[in-house]
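Data block below; observations after.
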Amino acid sequence: MIGIPTAVLLGSVLFLLLLLLATRGSAAAREISSRLDVPLLDDEAGLDPCPPEFVARIFAPDDWEFVRGTKSRELQKLFRRERRLVALVWVHQTSTAIRRIMREHTEITRQSHDLRFSTETKLVLLYGELMVICGMLFLAIQSAGPQRVRGLAVYADTLSQRLAQAQHDFKTVTARPELHGAGSV
Amino acid sequence: MTATVRLVPVQAAYDDLLKRSLSKISCDLARLIYLASTRDYNTGSYHHDGLAARFRPEIAGKALEIAHRQIFYQLSACSLEELVEQLQTYLDCSHESAADILRIWQKLEPYRVAIPVEVNPAVARLFVSNIRLALAIWRFRQEQAQKNP
């Protein structure tokens, strides 16, 4: 049986490790994106968000089954390489969007006089969870391929939409003080 | 002028474009190539003489832009199997030799020009990737057919 201080210490170390993983994943994704032929922007605020059906499509197993049906090793190799890069672009894009949302949120909270501790904590935890998932996705896509991590990718997409919605609600409430209390996560 | 009033002529131009032009084109891939060809390389604005004559040039341009994005997203959401079928239809309906088109498409990747402006980068990458794969699969099938006639 371990004591509470040890558990807290272990938890903190684990959290830091996961954060490191997320940061490394993101940095490596950036390096790979520099080799891609579709430019990735750091600020994609003006662009269309990736619709959820495309997330499912990128990570779907049916395209792989179709290519496997050809029994051509070359095609299978090409498919794995191509789909892996598309999946990495998506992870990079998602983590960039998450960081942008949190940057925006920080800017707003600096000017706000009506902050709720529980809402802020939930947002920070959601942000941390998403960044860790992005780091894990990055490594898993590289090692196991996108088809194996479909569930995690769809989950990350749902969470990032929740974060965007929470930030949007918070912005609305801050802009209109009479709607006080509508910005909970 | 309200947004509704502005949107009505665009909707009418869009419907007209669907009815008179796009419905006569064999498949979505061909529609995408056609719509991309109405876009100016330098300015990115869309032009269609017939549509501009029936509506105003800016209304026609907007309708073409909407149609272009819509077809692009539709095609990008296709499974690889469906995309290979689209490619087959496109090649069958073309007046050029399928082998020549395939060679040029694989070498120059002209379909990249068919991507609308400011679409999501992951979707754009998925589209390019899927076309590349569809071309490779089509070529593989042709080679198999030649080996085992």
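Residues that are at the interface with chain B (Cβ under 9 Å from one of its Cβ atoms) and hydroxyl-bearing (Ser, Thr, Tyr) within segment A:78-122 comprise just one, A:Thr94. Give me the residue from segment A:145-177 that is β-branched (Val, Ile, Thr) and farther than 17 Å from A:Gly135 by Cα and, out of that set, surrounded by the most Cβ atoms within 10 Å (Cβ to Cβ). Among those residues, the one meeting the criterion is A:Val173. Looking only at residues in segment A:56-66 that are free of Cβ contacts under 8 Å to residues at least 24 places away in the same chain and within 7 Å of chain B (Cβ to nearest Cβ), the one that is surrounded by the fewest Cβ atoms within 10 Å (Cβ to Cβ) is A:Asp62. Of all residues in segment B:27-83, those satisfying the criterion of being over 27 Å from B:His95 (Cβ atoms) and charged (D, E, K, R) are B:Arg54, B:Arg56, B:Glu58, B:Lys62, B:Glu65, B:Arg69.
Scanning segment B:112-131 for residues that are of a type outside the set (Gly, Ala, Ser) and touching a Leu at 6+ places or on another chain (Cβ under 8 Å) yields B:Glu118, B:Val119, B:Asn120, B:Pro121, B:Arg125, B:Phe127, B:Asn130, B:Ile131.
For segment B:21-124, give me every one of the helices (runs of 4 or more DSSP H) that falls completely inside it and has 2 or more residues that are loosely packed, with under 15 Cβ neighbours inside 10 Å and within 14 Å of chain A (Cβ to nearest Cβ). Before you say what the answer is, go through the steps one by one.
Details: elements: B:28-37, B:49-54, B:57-76, B:80-93, B:98-108.
Fully inside segment B:21-124 and qualifying: B:98-108.
Yes or no: B:Leu108 closer than 20 Å to B:Leu35 by Cα, of a type in the set (A, V, I, L, M) and free of Cβ contacts under 8 Å to residues at least 40 places away in the same chain? Break it down stepwise before answering.
On the way: closer than 20 Å to B:Leu35 by Cα: yes; of a type in the set (A, V, I, L, M): yes; free of Cβ contacts under 8 Å to residues at least 40 places away in the same chain: yes.
So B:Leu108 fits the description; yes.
Values quoted throughout were computed directly from the atomic coordinates according to the rules given, and no laboratory measurement underlies them. Bear in mind the structure is a predicted one, so any value in this text is a computation, not a measurement. Here Cβ is always computed from backbone atoms with ideal geometry, including for glycine, and neighbour counts include all displayed protein chains.
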